[in-house]
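In what follows, a single structure is set out as structure tokens and then discussed.
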Amino acid sequence: MVRATIELIPFGDENRKQHIGTIEIANNGSGSGDLGNYDVRLSKFDRPMSTWRRGVIMGFRRIKRGPFDLLLAALDTTVGKRR
């Protein structure tokens, strides 16, 4: 599983940090060596264990694409493309 956490750190003060979002991307085991299928879960605003949105990534070319491509695909499947 890949997990990325987004925190707000006012004025760089770690003691005041606040969770504003988490994304978890988990291989669901149904892909192949070249193509991965993943379950995606998003949470937000001081509730990292509560699910805000879910999605699925199918046929991700894991050999040719990297972790930021996977993150972009996960955001696209859960919140969609935005302007």
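Within the stretch 19-37, restricting attention to residues that are surrounded by fewer than 15 Cβ atoms within 10 Å (Cβ to Cβ) and under 14 Å from residue 59 (Cα atoms), the residue that is nearest to the chain's Cα centre (by Cα) is 26. Tell me whether the stretch 66-83 contains one or more residues that are surrounded by 15 or more Cβ atoms within 10 Å (Cβ to Cβ) and charged (D, E, K, R). No, the stretch 66-83 contains no residue that is surrounded by 15 or more Cβ atoms within 10 Å (Cβ to Cβ) and charged (D, E, K, R).
One residue stands out among those in the stretch 38-57 that are of a type in the set (Val, Ile, Thr) and surrounded by fewer than 15 Cβ atoms within 10 Å (Cβ to Cβ): the one that is farthest from residue 72 (Cα to Cα), which is 51.
No value in this document is a laboratory result; all are computed from the given coordinates. Every value quoted in this text rests on a predicted model; they were computed, and no experiment measured them. FYI the Cβ positions are ideal-geometry reconstructions off the backbone, even for glycines, and counts take in every protein chain you see.
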